[in-house]
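Q: I'd like to ask some things about the structure below.
The values are calculated or read from the model by the stated rules, or taken from the named source; none is laboratory data. The model shown is predicted, which means the values in this text are computed figures rather than measured ones. Cβ placement follows ideal geometry from the backbone for every residue including glycine, while neighbour counts extend to all protein chains displayed. In case anyone asks, the SASA skips ligands and DNA or RNA and just uses the protein heavy atoms, side chains included. Shrake-Rupley method; radii C 1.70, N 1.55, O 1.52, S 1.80 Å.
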Amino acid sequence: MMTSADIRNRFLEFFKSKQHHIVASAPIVIKNDPTLMFTNAGMNQFKDYFLGNQQAPYPRIADTQKCLRVSGKHNDLEEVGVDTYHHTMFEMLGNWSFGDYFKKEAIEWSWEFLTSVLNIPKDRLYVVVFEGDKKEGLPKDEEAATEWSRWIDADRILLGNKKDNFWEMGDTGPCGPCTEIHVDTRADEERKKIDGKSLVNADHPQVIEIWNNVFIQFNRLKDGSLEQLPAKHVDTGMGFERLVRIIQGKHSNYDTDIFIGTVDKIGEITNQKYQGTDSKADIAFRVLSDHIRAISFTIADGQLPSNTGAGYVIRRILRRAVRYYYSYLNYQQPLLFQLVPVISKQFENVFPELHKQEQFVTKVIREEEEAFLRTLEKGLRRIEDIISNSSKNISGQDAFELYDTYGFPLDLTRLIATERNMYVDEAEFNSEMQKQKNRSRAATTIDTEDWINVNEGNTNEFVGYDSLEVNANILKYRKVKAKGKEAYQLVLDKTPFYAESGGQVGDTGELIMKNEKVKIVDTKKENDLIIHFTEKLPAAFNEQVIAKVDAIKRKHTAIHHSATHLLHAALRKILGTHVAQKGSLVNADYLRFDFSHFSKMDEDEIRQVEQIVNEKIRENIPVVIRFLPKEEAMQTGAMALFGEKYGDVVRVVTIDPTYSLELCGGTHVGATGELGFFKLISESAIAAGVRRIEAVSGLAAEKIINEQSQQFQQIKEVLKNPMDVLKSLTSLADENASLKKQIEKFEEKQLKSLSNELAQKVQTVNGINFVGEIVEVPNADALKKLAFDLKQKIKDPIIALTSSIESKASVVLLFGEAISQQKNLDASAVIKQKIAPLIKGGGGGQKTLATAGGQDASALSKVIEAVKALL
């Protein structure tokens with residue numbers, strides 16, 4: 001039986017024999033594309049070639065691409081684990097033609113590979129071609145149908161609608177008709193009973209699509225219309241996991257050698273056995289063995305779990321997996337991190353980035369699991385309460401509480417609800433989510449119009465390494481609306497402006513014309529297209545412009561970029577070679593550097609790092625930049641960043657071959673002496689296993705040193721210019737601590753006296769001992785202490801104490817346990833429903849003790865009366 005590795009290699013070797021250049025997978029995490037968070041199809045990295053923005057380096061390419069589909073239009077998360085063939089992360093085998101061959105060759109080679117190389121029986125194959133769409137004015141794909149008729153019987157050529165057989169990556173962009181290849185894997189007896197053609201595209205688990213040949217002919221514009229692309233392209237994608245299942249004769253992807261090692265490891269950890277059924281336990285096996293791949297490879301490619309954007313998608317996947325093993329495998333401690341070595345070893349020769357970062361990825365996953373497990377049990381108890389009190393569904397407010405308080409992603413709540421034959425009011429949930437966003441920040445919407453071409457040409461050359469000023473032509477522009485303001489984006493045929501990339505901010509500057517100047521306020525990349533941001537358009541497009549970069553800003557930015565390289569090398573020398581860059585920000589004012597390390601740096605380590613960097617600055621080492629073939633560069637020991645996509649030729653920045661060699665596209669100084677001085681400002685943790693340093697160099701460092709010196713002089717003056725400043729400050733701090741203790745003792749005596757006074761003011765209300773008073777206390781903690789002290793002196797009391805503290809209302813409500821049970825009173829509910837609205841604030845707490853704070857201190861007497869009236 002062919003292994004999965006054999007099948008992958010045969011695919012790549014087959015297309016290599018058809019003159020395709022084999023390229024590496026792009027990172028699974030997308031950068032420089034505002035329309036996507038993750039690579040969800042093999043064509044993503046080639047988008048600019050299809051649009052004609054760039055010339056493809058090779059007319060024919062083949063690869064295996066890591067893909068992730070868990071959000072947006074392509075979302076398979078709900079099916080993962082429930083069925084046996086959907087996945088979050090999957091491999092997409094693909095072959096590509098950029099203006100070279102088209103339908104004839106693509107169809108012929110697809111058939112040859114499946115039937116001659118892999119020996120799939122021809123009578124098990126069906127193909128689907130696009131039937132056309134009258135509304136879009138699109139005819140049937142007769143060309144594809146004709147080509148297929150050369151290889152397969154006519155009754156196996158089926159027609160498909162626009163939904164299934166007209167491929168579009170998104171609302172706009174490259175698209176075209178496609179032809180799918182389906183395989184019927186059922187037993188011969190079943191095939192005799194029901195013709196396979198009736199089961200194609202019918203979600204039958206054993207009649208499945210494995211290969212899609214997309215013929216990219218059009219570009220979808222924002223208004224929905226289609227325009228012909230400058231050249232016709234082929235974009236194919238074959239689901240590797242499904243293909244292996246077919247070749248290995250399995251009925252489930254999870255029974256193949258792609259997953260079986262992970263499945264066995266889960267069984268070993270949980271002391272359970274996978275049966276391949278539809279039971280919750282077996283679904284859990286499948287969910288875990290799928291999800292660990294998505295989690296591991298996205299982290300390895302640079303995306304850490306977080307509460308926003310792509311990071312939240314990863315956190316959702318991880319928490320879905322945790323809930324499955326917690327609930328259905330009865331395993332209540334971190335499990336996923338134990339699977340990382342299995343995945344790492346399996347893909348070592350295909351996607352080596354995980355193997356190289358195994359320890360780091362394991363650490364991040366373990367800490368994420370531990371954090372969620374701490375709240376999961378409470379959350380599950382809360383959702384059981386919600387379900388037991390709901391007759392029809394889970395309200396959006398309850399779903400949002402689970403999300404906001406217990407960290408339950410919506411799809412996890414939806415999953416649990418579905419298991420109980422209930423549903424979640426998602427419209428209400430989304431409303432609650434929007435309210436939260438509006439409270440924290442104004443909602444930001446960006447509306448981007450179509451490009452308008454104003455001059456011929458499709459080059460987009462960056463010349464800013466060698467020149468900060470160049471003559472250029474404007475090729476196209478588009479309007480962008482964001483936060484109610486209009487802005488514009490321009491593309492030049494050549495530009496000195498560095499586009500934000502690799503942590504370095506984009507250049508600013510101006511376009512100079514005969515009669516006007518247009519400010520460039522930012523420069524970014526969209527895929528590989530360099531885009532210049534302006535607040536207005538030029539009056540005319542038919543003249544050459546002078547594109548001029550802000551040289552001073554670029555210089556200070558370059559200083560910080562070179563300082564980042566020196567810092568990276570120093571960290572590896574002091575902390576160890578496990579240190580790897582996990583993110584950076586380089587601008588004119590400072591640098592920020594995120595790196596893998598598992599403990600806080602101590603003062604001595606910080607001092608040593610600063611010392612090394614400043615030594616390298618004083619040595620005035622030349623910064624040597626060369627372009628080398630990637631393999632040659634890697635053999636020299638140059639460091640590449642995980643999650644970055646590099647071409648065949650790379651830019652190597654060397655600062656002393658024995659000290660720092662990195663692949664880098666950023667701008668740098670000519671020699672380290674230009675940095676002047678380096679100063680580390682802060683070191684902190686930002687995520688599991690990731691530390692962050694902020695530092696300055698050049699004029700920014702000089703400015704900070706001057707500011708600190710000035711502050712020190714001011715401190716000396718305040719302290720009356722002592723001989724020993726540290727000794728004087730220590731004495732002052734000791735004196736302050738002593739005085740605080742004296743004040744605390746005095747306040748305690750006051751509270752005791754006030755407590756005795758209040759104990760004499762007990763009222764009997766409806767048979768209950770009640771104390772309700774407005775008092776003077778220094779802070780909210782003192783108010784709470786006073787209530788506790790009173791409780792010791794009064795039998796079964798209800799105590800309502802209020803105070804105006806710094807002109808704001810503060811309230812404590814305390815119920816004796818016996819009276820709370822006897823009268824079924826809930827202090828938290830009373831505070832939220834009756835008290836907080838009176839003082840224009842909020843509050844909460846427990847059944848016998850709750851607190852509130854608010855803006856309206858004039859309503860304190862109303863609070864006392866409200867509690868009294870309740871009794």
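Q: In the structure displayed, which of Lys47/Lys517; Lys31/Lys378; Lys66/Lys630; Lys356/Lys494; Lys573/Lys716 lie more than 27 Å apart, Cα to Cα?
A: Details: Lys47/Lys517 33 Å; Lys31/Lys378 37 Å; Lys66/Lys630 21 Å; Lys356/Lys494 38 Å; Lys573/Lys716 38 Å.
In this structure, Lys47/Lys517; Lys31/Lys378; Lys356/Lys494; Lys573/Lys716 lie more than 27 Å apart at Cα.
Q: DSSP loop (so not H, G, I, E, B), at most 16 other Cβ within 10 Å: list which trypsin sites (Lys or Arg not before Pro) in the stretch 588-631 pass both filters. Could the numbers behind the result be given before it?
A: Working: sites: Arg592, Lys600, Arg607, Lys616, Arg618, Arg626, Lys630; in loops: Lys600.
Of the trypsin sites (Lys or Arg not before Pro), the ones in loops of the stretch 588-631 whose Cβ has at most 16 other Cβ atoms within 10 Å are Lys600.
Q: Step through the table entries Lys363/Lys600; Lys582/Lys679; Lys103/Lys162; Lys485/Lys555; Lys363/Lys524, compare each Cα-Cα distance with 27 Å, and write down the pairs that go over it.
A: Distance filter (> 27 Å) returns Lys485/Lys555; Lys363/Lys524.
Q: Sticking with this structure for a sec: Looking at Gly302, His251, His291, which one has the Cα that reaches farthest to the positive end of the dipole of the stretch 222-303 (charges on Cβ: Lys, Arg +1; Asp, Glu -1)?
A: It is His251, whose Cα lies furthest towards the positive end.
Q: Over the stretch 588-699, what is the percentage of antiparallel beta bridges among all DSSP beta bridges, to the nearest 5?
A: Around 95 percent of the beta bridges assigned by DSSP in the stretch 588-699 are antiparallel ones.
Q: Report, in deg cm²/dmol and to the nearest 500, the calculated mean residue ellipticity at 222 nm for the chain, where each DSSP H run with n ≥ 4 adds -39500 (n - 2.57) and the sum is divided by the residue count.
A: Working: 25 runs with 323 residues, N = 871.
So the calculated ellipticity at 222 nm is -11500 deg cm²/dmol.
Q: Next question, about the same structure. With a 1.4 Å probe and all protein chains left in place, how much of the accessible area of the stretch 638-793 comes from carbon and sulfur atoms, in whole percent?
A: Numbers: 4700 of 9110 Å².
Percent of accessible area from carbon and sulfur atoms in the stretch 638-793: 52.
Q: Moving on to the next point. Expressed as a whole percentage, what fraction of the accessible surface of the stretch 356-491 belongs to carbon and sulfur atoms when a 1.4 Å probe is rolled over the protein heavy atoms?
A: Carbon-and-sulfur percentage of accessible area, whole number: 42.
Q: If you find the alpha carbon centre of the stretch 265-294 and of the stretch 196-258, how far apart are they in angstrom?
A: Centre-to-centre (Cα) distance: 27 Å.
Q: Show which aspartates and glutamates lie in cross-link reach of Lys645 when reach means a straight Cα distance below 16 angstrom and same-chain residues fewer than eight apart are skipped.
A: Asp33, Asp48, Asp63, Asp301, Glu353, Glu500, Glu526, Asp528, Glu631, Glu662
Q: Using θ = phi - 60° and the Karplus relation 6.51 cos²θ - 1.76 cosθ + 1.60, list the HN-Hα couplings for the stretch 761-776 in order, rounded to whole Hz, with x at every Gly or Pro.
A: Coupling constants for the stretch 761-776: 10, 5, 10, 9, 10, 6, x, 10, 6, 10, 10, x, 8, 8, 10, 9 Hz.
Q: When the Cα centres of the stretch 525-603 and the stretch 610-682 are compared, how far apart do they sit, in Å?
A: 13 Å
Q: Hey, what do the phi angles of the stretch 344-358 turn into as Karplus ³J(HN,Hα) couplings, whole Hz, using 6.51/-1.76/1.60 and θ = phi - 60°, x for Gly and Pro?
A: Whole-Hz 3J(HN,Hα) from phi for the stretch 344-358: 4, 5, 4, 9, 3, 9, 9, 10, x, 4, 6, 4, 5, 10, 4.
Q: Using a 1.4 Å probe, what is the accessible area per residue for the chain, in Å²?
A: Heavy-atom SASA per residue in the chain reads 47 Å².
Q: Hey, another quick one. Can you give the alpha-carbon Rg of the chain over 2.2 N^0.38 Å, where N counts its residues? Numbers along the way, then the final one.
A: On the way: Rg = 33.0 Å, N = 871, 2.2 N^0.38 = 28.8 Å.
Taking the Cα Rg and dividing by 2.2 N^0.38 Å, one obtains 1.15.
Q: Please list, or write none, the lysines whose alpha carbon is within less than 23 Å of the alpha carbon of Lys193, excluding same-chain residues fewer than 8 places away.
A: Lys122, Lys250
Q: Pull up all non-local amide H partners of Met639: gap of 5 or more, or a different chain, and H-to-H distance under 5 Å with H placed in the peptide plane.
A: Close amide H contacts, sequence-distant or interchain: Leu661, Glu662, Leu663.
Q: Kindly provide the GluC sites (Glu not before Pro) of the stretch 750-794 that DSSP labels as loop, not H, G, I, E or B, and whose Cβ sees at most 14 other Cβ atoms within 10 Å. Provide the component values of the computation, followed by the final result.
A: Working: sites: Glu757, Glu773, Glu776; in loops: Glu776.
Answer by residue number: Glu776.
Q: OK, next. As I understand it, the dipole of the stretch 363-502 uses +1 on the Cβ of Lys and Arg and -1 on the Cβ of Asp and Glu, about the Cα centre. Which of Asn421, Thr495, Asn471 lies farthest toward its positive end?
A: Asn421
Q: Just report the Cα centroid separation between the stretch 783-812 and the stretch 443-510, whole Å.
A: Comparing the Cα centres of the stretch 783-812 and the stretch 443-510, I get a distance of 62 Å.
Q: I would also like to ask the following. Return the sequence-ordered ³J(HN,Hα) values of the stretch 49-55 in whole Hz as given by the Karplus equation 6.51 cos²θ - 1.76 cosθ + 1.60 applied to θ = phi - 60°, using x for Gly and Pro.
A: For the stretch 49-55, the Karplus curve yields 5, 5, 6, x, 6, 9, 8 Hz.
Q: Another one. How much accessible surface does Met639 have with a 1.4 Å probe, in Å² rounded to 10?
A: 50 Å²
Q: Give the percent of DSSP beta bridges with both residues in the stretch 623-775 that are antiparallel, rounded to the nearest 5. Intermediate results must be reported in sequence, preceding the final value.
A: Details: 21 of 22 bridges.
Among the beta bridges of the stretch 623-775, antiparallel pairing accounts for roughly 95 percent.
Q: At 1.4 Å probe size, with the rest of the protein present, what percent of the exposed accessible area of the stretch 210-320 is carbon and sulfur atoms?
A: 45 percent
Q: Give the percent of DSSP beta bridges with both residues in the chain that are antiparallel, rounded to the nearest 5.
A: Counting DSSP beta bridges with both partners in the chain, the antiparallel share is about 90 percent.
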